[in-house]
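Undergrad: Next up is a structure, given as C-alpha cells.
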Protein chains: 2
Amino acid sequence: MRCVRESGHLRTLHALVFTLHALAAAMLITPSDVGAQAVPRPYDLVSKQIIREAMCEPGAYQLLEGLTRIGPRLSGSQNAAAAVRWGYDAMVSLGFEDVHLEPVMVPVWERGDIERAHAVVGSGPVVPLAVCALGSSVATPAGGIEGEVVEVHTWSEVDALGATAKGRIVFFNRPMDAGHYNTFEAYGEAVDQRGGGPVAAAKVGACAVLIRSMTLAIDDVPHTGNTHYEDGVPRIPAAAISTLSADTLHSLLDRERDLKVRLELTCETKPDALSANVIGEIRGREKPEEVVIVGGHLDSWDKGQGAHDDGAGCAQAMESLRILKELDLAPRRTIRAVLFMNEENGLRGGREYAAVARGDRHVAAIESDAGGFAPRGFGVNAPRETLDLIARWSYLLAPMGADRIIEGHGGVDIWPLSLQGVPAIGLMPESQRYFDYHHSDKDVIAAVNPRELQLGAAAMAILAYVIAEEGLEAGASQ
Amino acid sequence: MRCVRESGHLRTLHALVFTLHALAAAMLITPSDVGAQAVPRPYDLVSKQIIREAMCEPGAYQLLEGLTRIGPRLSGSQNAAAAVRWGYDAMVSLGFEDVHLEPVMVPVWERGDIERAHAVVGSGPVVPLAVCALGSSVATPAGGIEGEVVEVHTWSEVDALGATAKGRIVFFNRPMDAGHYNTFEAYGEAVDQRGGGPVAAAKVGACAVLIRSMTLAIDDVPHTGNTHYEDGVPRIPAAAISTLSADTLHSLLDRERDLKVRLELTCETKPDALSANVIGEIRGREKPEEVVIVGGHLDSWDKGQGAHDDGAGCAQAMESLRILKELDLAPRRTIRAVLFMNEENGLRGGREYAAVARGDRHVAAIESDAGGFAPRGFGVNAPRETLDLIARWSYLLAPMGADRIIEGHGGVDIWPLSLQGVPAIGLMPESQRYFDYHHSDKDVIAAVNPRELQLGAAAMAILAYVIAEEGLEAGASQ
C-alpha cells in the first residue's frame, strides 16, 4: 500500500484541476464534523493515527500471507504445529514481550483420503454428489455404505420417522435463511442440523446422515464443521453436502422412487496430541498485572487455508499490537495477543487459557472470529453497565464506520473467560460474504481484501488501547 | 438465494440443539432493540419487508447478469446500444409504467487495437509496461512515439520543468493515498493528474503523458478514465500505466541515465452518435406529477464489464422498483428509474434529463454510482434542512447498517438536477474494494457479491419509498 505521508509536500499541492469525480471526496464528512466540533475529544487523535497506520502498512495482511502459506491447520496436524511455531516466531520478530507457548492437549481427527458420495437411481444413472466428512465423524465401513434416503427439515420430522428410518440415510436439508441481513443469524438457525443430526438420526436407526452445507451460496463446494456424538447412541457417519448437490438430491427424491445414496468416508479420530496457545504482549506501563486480551484462533478446518476463519483474527490481533508499538503508544495496562488453539473441534485452547489465567485480572477480552471483512462494530457479552462504558468510545470507531457497540456474542475462545466474569467483546465485521467461504476450500487468502482486514485490526487496536488506558470500572477513569 | 418464508413451519421448530456457534445469533440485537421499544415506528415494518425481499430474491444480481453479458458499454458503441435495448426490455418485463427512451447525442471515442508501451534502456533491455489509453486521448503517430521520461508528482513540478520538458514524456506518479479510510477521498486527491495531466504537460512542450493508475491495488492492471484537452493547447497522447509498471518505471528512472519510453496508441474520437437514457416508473397514486428518481448510469468504460461501475447502480435502481411492486407498495408520488447514458465521458445523459425534466417537480434524485458493495448510508447534496428531513428516516436503514446520512456527493448524473435545486442523494457503499476494480478489466460480475448488491437496492427502495410517501417539505408530512 502507498501512503502520502502527512509531512510531505505532495499533499499541499494537489487538486488544482476540478473534476466532477473529485466531489466524491465530500463523502467523508461525518455527522460530528457537520456540527463543527472544534475541540477534539479524548483519543480522537490517537485513533486517527491508528487508522492511518493500519491503512498505510498492511501488517495483518502480510502476517496472513505467512500463515496461510502453511495451509489449513486442523488441531493436532503437522500444519497446526507449524502454525504454532510461525506464531511464536512472528511475535518474537514483532518485539512482543513474554512470548511463550501455553501447552494444551487437543483432539486429533483426520479426514482420510476418501470422501465421496453418489446417488444411484435404480439400475440407471449414477449422480455424483459433492460431499465432505463433518469433523469428528466416524468413517463408513470400508467400501462405503448404501441406503435409501429420507429428507427432513425439522427435528420433529426426524422423530416422526420412527422405525421407518432404520438402515436409511437421513438428509437434513433445511437451508440457511437468506432473508436475514446478518448471516450469523441464518447460520445460528440452521447449524443445529450439523451439530445434532447424527445423534437424532442414529436414535431412530439411521445408518448415516447428509447435512446441507452451512452457506448461502448455491454452488458445488461442501462446507465442513464439527458434529457431535452422544454416549450410548450409535456413532454413524456424517457428511456435509454442497448446496447444489443438496438441490439435486432433493429433485431426485421428488421424482425417483428407487433411489439410493452410497457414501464413503475414511476419516478417523486418533489419540489426543500436544499443541499450544501462542501468547505475547505489550506490558502495561502502570498496571502490568491487569490484562486486555486481543485474540483469534490459530487452528482452522482442513479445507482451504483458514484465511477468514480465523487466520484473519490471528493476524489482526498481532497487528493491533504492532500498530500500538509502531506509534509508541505504551498502554497503562497490559495488552496481550492470544492465538488460541482448537476452537473448531474442542475449544481446548480457550478452556486452558481461562483455567491457567484464573489468577490474573482480565479487564476485557476482544476476539476477532467472524472474518476479515470491513468492521461494523463490536458485540459485547457483559453486563449492561460494562457495555455502556465501552460504548462511550464508539465515536473513536465512527471514522471507519465501526461504531456499532451492541449486546452480543463475544467469541467462542473467550467464552470460558466470560464465564469468569470477564467482559467478552467480539469484532463484528460486515457478514454478507463470510459463509460463502466458511469451512470450505474457498476460504483462501485471495478472498481477503487487505484494506478490510486492516480496518479490523485498527478497530481492535483502538478499543484495546482505550480500555487498557481507561479500564472498565464504573466511575473514575484510571 | 433461499429463504425460509415467515409463514412456513420450518421457522417454528429450529434450534433444539445448542451449539456455541449459535450464540452468534445474538449479534443481531441492535441498540434500539436493547431499549425494548415496543411500539414500531413509522415504516418500520415496511422497511423490514423491503430488506427481506431484497435478500430473498436476487433481482438486482439477475439484472446485472443480463447487463454484463453484453460486455462493456462505452457511449456510442454497439454494446451501449444493446444495453439501451436491454434496459428498455427489462423495464417492460418488470411491468414499469411509461417506459421510454430519452434520446441523447453522445461522444464516440474508440480505443483502437493497439495500446502498448515499453521502456528502453540504452541499447539494452526492453521492459514492457502495462498501459491503456485514457478516454478522449488522441492517438500517437503511427508506429508510436518515443521520448525521455520525466517523473512528476505535483503541478508545480510540471511548471518548473519549463523548456526541459520539450519532447519528453511526462510521467505523473503521485499515488492515491492509502491512509484514508474512504477511498473516494484518496481518489479525489489524485485524479486531478488524470484529468489535467495532458494539458499541463503539453503547455511545457511534452509529447505525451503517462498517468499512474487510479487504484490502491498494486498490480499490473491499468485503469482507464477520462482526460481533457483545452483549445489552444496541443493535444498529446495520454495513457494510464499500471501501479506495478509505474513502480518499475520509477525504479528504472532512479538508476538508468539513458532511458526512453516508447508509447503507441491507436485510439480516436469519431462523430457524436445517437443514444438514450432509459426511463420507467411507478406512477404515484396521489401526486403522480411529483417525482423521486432512482438511477445509475448505463454506459461504462470499455474495460471489464462495467459491473460495479455502474451496472450495479442500474440494476439496483430497477430492483428497487421491482421490490416495491412485489410488495404492493404503491407510493404517493411517482418513483422513476433512470438509466443515464454517458456519465463516463460527457455527462450528456444527465444534462439532457435535467434539461427535458425542467418542468417536472422533482422531490429528490437518488443515484447509486459507487459500486455494488454493502451500503453504509447516503451522502446528501442539499441544504441542511433537507438533509435533516432525510436523516429522520435513518432508523429504517439501521437494520442493515446503512444509516449514515451525511453531507456529501449525490451523483454525477444527478448533478445537473441538483443545480436546479433538486436534492441529490448518493448511495454510499463500503468503499474499500471499489478502486481495485474501477475502470479496469477487473470490473466484472465475479467481483460483485449478490447479497451486498441487494442490500444497496433495499436501501434505495426504502429511501425512495419514504420520500415518495412523505415528501421533503419541512413541517407537515404530505
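The values are calculated or read from the model by the stated rules, or taken from the named source; none is laboratory data. The shown structure was predicted, so the numbers you read here are calculated from the model rather than taken from an experiment. When we count neighbours, we look across all protein chains shown, and the Cβ atoms used for this are built from the backbone with ideal geometry, even at glycine.
Undergrad: Go through segment B:325-362 residue by residue and tally those that are surrounded by fewer than 21 Cβ atoms within 10 Å (Cβ to Cβ), under 29 Å from residue B:57 (Cβ atoms) and among the basic types (Lys, Arg).
TA: Of the residues in segment B:325-362, 2 are surrounded by fewer than 21 Cβ atoms within 10 Å (Cβ to Cβ), under 29 Å from residue B:57 (Cβ atoms) and among the basic types (Lys, Arg).
This table checks each residue for (1) within 30 Å of residue B:455 (Cα to Cα); (2) among the β-branched types (Val, Ile, Thr); (3) at pLDDT below 95; (4) not assigned by TED's automatic domain parsing to the domain that holds residue A:371.
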residue	(1), (2), (3), (4)
A:127	no, yes, no, yes
A:161	no, no, no, yes
A:164	no, yes, no, yes
A:177	yes, no, no, yes
A:185	yes, no, no, yes
A:193	yes, no, no, yes
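Undergrad: Same structure, new question: I'd like to verify a number: residues in segment A:449-478 that are in a loop (DSSP other than H, G, I, E, B) and away from chain B (no Cβ under 11 Å), how many? First the steps, then the outcome.
TA: Just the residues of segment A:449-478 that are in a loop (DSSP other than H, G, I, E, B), to begin with: A:449, A:471-478.
Now restrict to residues that are away from chain B (no Cβ under 11 Å): A:471-478.
Of the residues in that region, 8 qualify.
Undergrad: Consider residue A:195 against the criteria (1) under 18 Å from residue A:301 (Cβ atoms); (2) more than 13 Å from every other protein chain (Cβ to nearest Cβ): it satisfies all of them except one. Which criterion is unmet?
TA: (2)
Undergrad: Residue check: is residue A:278 surrounded by fewer than 24 Cβ atoms within 10 Å (Cβ to Cβ), in contact (Cβ under 8 Å) with a residue 12 or more places away in the chain and within 22 Å of residue A:90 (Cβ to Cβ)? Give the derivation first.
TA: Details: surrounded by fewer than 24 Cβ atoms within 10 Å (Cβ to Cβ): no; in contact (Cβ under 8 Å) with a residue 12 or more places away in the chain: yes; within 22 Å of residue A:90 (Cβ to Cβ): yes.
No; evaluated as a whole, the condition is false for this residue.
Undergrad: List the helices (runs of 4 or more DSSP H) inside segment A:146-257, counting only whole elements, that have at least 2 residues being among the small types (Gly, Ala, Ser) and under 28 Å from the mean Cα position of the chain (by Cα). Walk me through it before giving the result.
TA: Numbers: elements: A:155-161, A:183-190, A:192-203, A:243-255.
Output list reads A:183-190, A:192-203, A:243-255.
Undergrad: For segment B:39-61, which residues satisfy the criterion of being free of Cβ contacts under 8 Å to residues at least 40 places away in the same chain and assigned to a helix (DSSP H, G or I)? Give the steps one after another, and end with the answer.
TA: From segment B:39-61, those free of Cβ contacts under 8 Å to residues at least 40 places away in the same chain are B:39-40, B:42, B:45; that's our starting set.
Within segment B:39-61, B:45 is the sole residue that qualifies.
Undergrad: Need pairs with beta-carbon distance below 8 Å; first residue hydrophobic (A, V, I, L, M, F, W, C) and within segment B:246-266, second in a helix (DSSP H, G or I); sequence gap 6+ or separate chains.
TA: As it stands, the answer is B:259/B:252; B:259/B:253; B:261/B:249, since those pairs meet every condition given.
Undergrad: Just one of B:369, B:413, B:388, B:441 is without any contact (Cβ under 8 Å) to a residue 40 or more places away in the chain and acidic (Asp, Glu); which is it? Explain how you work it out, then say what you get.
TA: On the way: B:369 fails: without any contact (Cβ under 8 Å) to a residue 40 or more places away in the chain; B:413 fails: without any contact (Cβ under 8 Å) to a residue 40 or more places away in the chain; B:441 fails: without any contact (Cβ under 8 Å) to a residue 40 or more places away in the chain.
When all the criteria are applied, what remains is B:388.
Undergrad: Moving on. Pick from B:272, B:302: which is part of a strand (DSSP E or B) and over 16 Å from residue B:99 (Cα atoms)? Explain how you work it out, then say what you get.
TA: Numbers: B:302 fails: part of a strand (DSSP E or B).
Only one candidate passes the filter, namely B:272.
Undergrad: Now for a different question. Looking at segment B:289-331 only, could you name the residues that are farther than 19 Å from residue B:449 by Cα and charged (D, E, K, R)?
TA: Matches in segment B:289-331: B:289, B:290, B:299, B:302, B:303, B:322, B:325, B:326, B:328.
Undergrad: Are there any strands (runs of 3 or more DSSP E) wholly within segment B:370-438 with 3 or more residues that are more than 9 Å from chain A (Cβ to nearest Cβ), and if so which?
TA: Numbers: elements: B:375-381, B:404-407, B:424-429.
Those strands (runs of 3 or more DSSP E) span B:375-381, B:424-429.
Undergrad: Residue A:151 passes all but one of (1) of a type in the set (D, E, K, R); (2) at the interface with chain B (Cβ under 9 Å from one of its Cβ atoms); (3) in contact (Cβ under 8 Å) with a residue 12 or more places away in the chain; which number fails?
TA: Among (1) of a type in the set (D, E, K, R); (2) at the interface with chain B (Cβ under 9 Å from one of its Cβ atoms); (3) in contact (Cβ under 8 Å) with a residue 12 or more places away in the chain, the lone unmet condition for residue A:151 is (2).
Undergrad: Could you list, in sequence order, all residues of segment A:133-158 that are more than 18 Å from residue A:261 (Cα to Cα) and among the charged types (D, E, K, R)?
TA: A:157
Undergrad: Can you name the residue in segment A:166-190 that is within 10 Å of chain B (Cβ to nearest Cβ) and of a type in the set (Phe, Trp, Tyr) and, of all such residues, is surrounded by the fewest Cβ atoms within 10 Å (Cβ to Cβ)?
TA: A:181
Undergrad: If you check A:210, A:216, which single one turns out to be out of contact with any strand residue (DSSP E or B) (no Cβ under 8 Å at 6 or more places or on another chain) and either within 13 Å of chain B (Cβ to nearest Cβ) or closer than 21 Å to residue A:139 by Cα (or both)? Steps first, answer last, please.
TA: Numbers: A:210 fails: out of contact with any strand residue (DSSP E or B) (no Cβ under 8 Å at 6 or more places or on another chain).
Among A:210, A:216, only A:216 is out of contact with any strand residue (DSSP E or B) (no Cβ under 8 Å at 6 or more places or on another chain) and either within 13 Å of chain B (Cβ to nearest Cβ) or closer than 21 Å to residue A:139 by Cα (or both).
Undergrad: Let me ask something additional. Somewhere in segment B:122-133, is a residue more than 14 Å from every other protein chain (Cβ to nearest Cβ), surrounded by 15 or more Cβ atoms within 10 Å (Cβ to Cβ), in contact (Cβ under 8 Å) with a residue 40 or more places away in the chain and at positive phi?
TA: So the first thing to find is which residues in segment B:122-133 are more than 14 Å from every other protein chain (Cβ to nearest Cβ), and the list is B:122-133.
Retained after the next criterion (residues that are surrounded by 15 or more Cβ atoms within 10 Å (Cβ to Cβ)): B:127, B:129-133.
Remaining after also requiring in contact (Cβ under 8 Å) with a residue 40 or more places away in the chain: B:127, B:129-133.
Of the ones still in play, those that are also at positive phi are none.
There is no residue in segment B:122-133 that is more than 14 Å from every other protein chain (Cβ to nearest Cβ), surrounded by 15 or more Cβ atoms within 10 Å (Cβ to Cβ), in contact (Cβ under 8 Å) with a residue 40 or more places away in the chain and at positive phi.
Undergrad: Could you tell me whether residue A:288 is assigned to a strand (DSSP E or B), more than 19 Å from residue A:67 (Cβ to Cβ) and out of contact with any strand residue (DSSP E or B) (no Cβ under 6 Å at 6 or more places or on another chain)? So that I can check it myself, show each step before the final result.
TA: On the way: assigned to a strand (DSSP E or B): yes; more than 19 Å from residue A:67 (Cβ to Cβ): yes; out of contact with any strand residue (DSSP E or B) (no Cβ under 6 Å at 6 or more places or on another chain): no.
In short, no.
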